[in-house]
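Trainee: One structure follows; several queries about it will come next.
The values are calculated or read from the model by the stated rules, or taken from the named source; none is laboratory data. Since we're looking at a predicted model, the values are computed, not measured. Every residue, glycine as well, gets a Cβ built from its backbone with ideal geometry; the counts of neighbours run over all protein chains shown. Each accessible area value is taken on the protein alone, full model and side chains, heavy atoms only, with ligands, DNA and RNA left out. Shrake-Rupley method; radii C 1.70, N 1.55, O 1.52, S 1.80 Å.
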Amino acid sequence: MPDIALQPAHELAAAIQRRELSSRELLEHYLARVQRLNPPLNAVVTLGADAARRAADAADAALARGEIVGPLHGVPMTIKDTYQTAGMRTTCGLQAWDHVPERDAETVRRLRGAGAVIFGKTNTPALAGDWQTFNPIFGTTNNPWDTARTTGGSSGGAAAAVATGMTALELGSDIGGSIRVPSNWCGVCGHKPSWGIVPQRGHLPPPPGALATSDLGVMGPMARDVADLEMALDVLAGPAGPADVGWRLALPPARASTVRELRLALWLDDPAYPVETDVGAVLESAVAALQKAGAHFVDLPPPVALPDVVGLHQELLYPLIEPSSKLLHRAWLSANERREQLRARVGDFFREVDALLMPVAVVPAIPHDHSEPFLARTISVAGGSRSYLDLFGWVGLATVAYLPATVVPIGRTTQGLPVGVQIVGPYLEDRTTLAVGRCITQLLGGFVPPPPPPTV
């Protein structure tokens, strides 16, 4: 029988509300799993067990009075260590930012307000700036499918914790694939929301105390089940601060709810960023299953050239993450106009289809490589090696064009490494990409836990 810790968060919440188990019992179960499973993985790097126990006891007491705080009432979860978390160590993997905040990031506040019990923080690269998860404070996080490989980054600790049932749910962030790549490489579900619908305040970077909203970056959930992503997005999305006075978010419903209703386009390979054969085979198998189930595929050319997207992504991104990178304001205005032209073309594209299926990365999870300089790293492929920066190839479209993108697991390579599919949809139509993800997981089976580490 599967461990209760691997059940979807929404089912755990329902079980707590039915009084079939208590929040405190579930919390202790997760803490025990962290103690047992975390050492070879190094995914959970900070615990706040005492405060979490008090919160769980309070949730149980409230339920005894007939009070339900929200959809996550009493559900224990961890948070990526890029979010300020009141009373709990927060670092973003950088010694200069190692502190204990007095207040929560807005997203963390919303999760607590929905009833979540925050009990720990998960590892991230320094400044959340890598597709691998390691930093000088906490060290390296290992992939639960193969500890010689990376989890991906920057939400790598989050993905490993979700995959191994060390948390019910996670809060990741994504500016260059940081939710999507770890979800792909660890075999879990992740959602990169449309830019701007989930508040950024309290996320690091920028530095602690910053108030301005940054370009490109988004905050989003990671889970083992698409229904959990949907529930979490409902909690997280909406205006904050001064905007809360004057506007409300009303995301449109999904365009389709069954496989046979779907109008899908495919962009599974590209000469500029060719996908490795073993990854491509898993993607093609998933498409074949969708075709057999009655999904409708529309033959449309890609709305933009991948190299153009990657170039624009890098032009807009580097000034945000590299202190030495500069962009004059007039140059940013030019880049932003090119972005708006791209967004217009993409908008026309999605009038014909509901979602676009794409790879997440050119390769499955790669072996650890912490060599410097970052730009000189390579990734091994069947034909030799390729630039580490090829990992930009398939994540840029959704980032640059502010689009929602949902990643769900669809199978494994012949080496047993997970492969996911990236479901990209129209701006603000997050519910459509999530619905497509739900259809795909129902058809293909969805999340499969990794084998236990050798020490278990």
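Trainee: Could you state the number of Å between the C-alpha centres of segment 421-435 and segment 99-126?
Mentor: Using only Cα atoms to place each centre, the spacing works out to 26 Å.
Trainee: Something else now. If packing is taken as the mean number of other Cβ atoms within 10 Å per residue, what is the order of 296-307, 370-381, highest first?
Mentor: Details: 296-307: 14.3, 370-381: 12.4.
Highest-to-lowest ranking by the protection proxy: 296-307, 370-381.
Trainee: Moving on. With θ set to phi - 60° and the Karplus curve 6.51 cos²θ - 1.76 cosθ + 1.60, what are the ³J(HN,Hα) couplings of segment 279-284 in order, to the nearest whole Hz, using x for Gly and Pro?
Mentor: 5, x, 5, 5, 4, 5
Trainee: Right, next: Kindly express, to the nearest 10 degrees and within the range 0 to 90, the angle between helix 49-64's C-alpha long axis and the longest C-alpha principal axis of the chain.
Mentor: Once rounded, the angle reads 80 degrees.
Trainee: So with the 1.4 Å probe, I'd like the accessible area per residue for segment 294-372, rounded to whole Å².
Mentor: Values: 3990 Å² over 79 residues.
Result: 50 Å² per residue.
Trainee: How high is the relative contact order of the chain? Use alpha-carbon pairs under 8 Å, at least six apart in sequence, and give a whole percent.
Mentor: Numbers: 1031 pairs, mean separation 76.6, N = 456.
Once normalised by length, the contact order is 17 percent.
Trainee: Over the Cα atoms of segment 93-152, what radius of gyration and what Dmax do you get, in Å?
Mentor: Rg and Dmax of segment 93-152, Cα atoms, are 14.0, 38 Å.
Trainee: Over 23 Å apart: what share of the alpha carbon pairs of segment 233-331 falls there, rounded to a whole percent? Before the final figure, lay out the partial values.
Mentor: On the way: 2954 of 4851 pairs.
Beyond 23 Å sits 61 percent of the P(r) for segment 233-331.
Trainee: Arrange the residues Val408, Val45 by how much accessible surface each exposes, largest first, with a 1.4 angstrom probe.
Mentor: Working: Val408 0, Val45 30 Å².
Result of the area sort, largest leading: Val45, Val408.
Trainee: Can you tell me the order of 388-395, 153-160 when each peptide is scored by its average per-residue count of other Cβ atoms within 10 angstrom, highest first?
Mentor: Answer by packing, highest mean first, reads 153-160, 388-395.
Trainee: Here's another thing I want to ask about it. Work out how much length Thr277 to Ser371 would gain on full extension: take 0.36 nm times their residue separation and subtract the Cα-Cα distance, in nm to one decimal. Kindly include the intermediate steps, with their values, before the conclusion.
Mentor: Details: separation 94, 0.36 × 94 = 33.84 nm, distance 2.64 nm.
Taking 0.36 nm per residue and subtracting the Cα distance, the gain is 31.2 nm.
Trainee: Then there is this: Regarding segment 366-456, what whole-number volume in Å³ per residue does the convex hull of its Cα atoms give?
Mentor: Details: hull volume 14.0 nm³, N = 91.
Taking only Cα atoms, segment 366-456 has a hull volume of 154 Å³ per residue.
Trainee: Here's a follow-up. At q = 0.16, 0.20, 0.28 Å⁻¹, work out log10 I(q)/I(0) for segment 45-96 with the Debye formula, treating every Cα as an identical point scatterer and leaving solvent out; two decimals please.
Mentor: These q points yield log10 I(q)/I(0) values of -0.57, -0.77, -1.11.
Trainee: May I ask which residue of Ala62, Thr433, Met358 lies farthest towards the positive end of the charge dipole of the chain, with charges of +1 (Lys, Arg) and -1 (Asp, Glu) on Cβ and the Cα centre as origin?
Mentor: Result: Ala62.
Trainee: Determine the share of the chain's accessible area contributed by carbon and sulfur atoms, expressed in whole percent, with a 1.4 angstrom probe. Numbers along the way, then the final one.
Mentor: Numbers: 9450 of 17460 Å².
Carbon and sulfur: 54 percent of the exposed surface of the chain.
Trainee: Multiplying the sequence separation of Ser257 and Arg351 by 0.36 nm and subtracting their Cα-Cα distance, what value in nm do you get? Please report the intermediate quantities before stating the final value.
Mentor: Working: separation 94, 0.36 × 94 = 33.84 nm, distance 1.75 nm.
Gain in length upon complete extension: 32.1 nm.
Trainee: Per residue, how many Å² of accessible area does segment 385-456 show with a 1.4 Å probe? Kindly include the intermediate steps, with their values, before the conclusion.
Mentor: Working: 2180 Å² over 72 residues.
Using a 1.4 Å probe on heavy atoms only, each residue of segment 385-456 averages 30 Å².
Trainee: Here's a follow-up. Which one, His73, Asn38, Leu26, is farthest towards the positive end of the dipole of segment 1-146 when Lys and Arg carry +1 and Asp and Glu -1 on their Cβ?
Mentor: With unit charges placed on the Cβ atoms, the residue in question is His73.
Trainee: Trypsin sites (Lys or Arg not before Pro), restricted to segment 36-131: which are DSSP loop and have at most 13 other Cβ atoms within 10 Å?
Mentor: Working: sites: Arg36, Arg53, Arg54, Arg65, Lys80, Arg89, Arg103, Arg109, Arg110, Arg112, Lys121; in loops: Arg65, Arg89, Arg103.
Counting only loop positions with at most 13 other Cβ atoms within 10 Å, the trypsin sites (Lys or Arg not before Pro) in segment 36-131 are Arg65, Arg103.
Trainee: Let me ask another. Using packing as a proxy for protection, rank 166-176, 188-198 so that the peptide with the highest average count of other Cβ atoms within 10 Å comes first. Mind showing how you got there, number by number?
Mentor: Values: 166-176: 28.9, 188-198: 27.1.
Ranking the peptides 166-176, 188-198 by packing returns 166-176, 188-198.
Trainee: Something else about it: Given a Förster distance of 56 Å, report the FRET efficiency between Asp57 and Ser324 from their Cβ-Cβ distance, rounded to the nearest 0.05. Don't skip to the end; give the middle numbers.
Mentor: Numbers: r = 49 Å, r/R0 = 0.88.
It comes out at approximately 0.70.
Trainee: Can you tell me the FRET efficiency between Asp50 and Leu268 if r is taken as the Cβ-Cβ distance and R0 is 60 Å, rounded to the nearest 0.05? All intermediate terms of the calculation are to be shown ahead of the outcome.
Mentor: Details: r = 49 Å, r/R0 = 0.81.
The value I calculate is 0.75.
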